[in-house]
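Shown next, in structure tokens, is the structure this report addresses.
What follows is calculated from the coordinates using simple rules that are stated; it is not laboratory data. The structure presented is a predicted model; accordingly, all values stated were derived computationally and were not measured. When we count neighbours, we look across all protein chains shown, and the Cβ atoms used for this are built from the backbone with ideal geometry, even at glycine.
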Amino acid sequence: MSPRFIALLVALVVVSGTQLAAHHSHASTYFEDRRTDIEGDVVQVSIRNPHSWVHVKVKQANGSELIWAVEWAAGAQLNRVGITGKTLKAGDRVKITGAPGRNPNDHRLEMIVIRRMSDGWTWGTLPGEVVG
């Protein structure tokens, strides 16, 4: 084998390995077999790659408020189904079902379903659910 070929092969392995290692496993971050529901007001929406985020202010039973960070799909995936940075806005009341984060102190969810309460707009479905 030529030295150029070996150098190219090594470069491809290094680049591929770096990209693979850069992406995290959802199962290591979230309990994929559990569900948590939250309802509150959107504080911030960030549609981007590799993951989009929705931050929601949720009022607790004791009257305090918590900000939940909800990890959503990639911006490119959301754009393909018509979701943009203007689909949700600060102040929108939403109900979200998601897989809870493994660290409960993070107040973090992996988005499964989001529903805007004002008009019923919904993204995602649960098994057996029909979204209207």
**Q.** DSSP-assigned coil residues among GluC sites (Glu not before Pro) in segment 50-132, each with at most 12 further Cβ atoms within 10 Å
**A.** Glu129
Q | Size of electric dipole in segment 26-123: Cβ of Lys, Arg +1 and of Asp, Glu -1, about Cα centre, debye, nearest 20 | A | 220
(Q) How far apart, in nanometres, would the label points at Val58 and Asp41 be if each is projected 7 angstrom from Cα along the Cα-to-Cβ direction? (A) 1.7
Q: Calculate, in nm to one decimal, what Thr122 and Ala74 gain on full extension: separation in residues at 0.36 nm each, minus their alpha carbon distance.
A: 15.6 nm
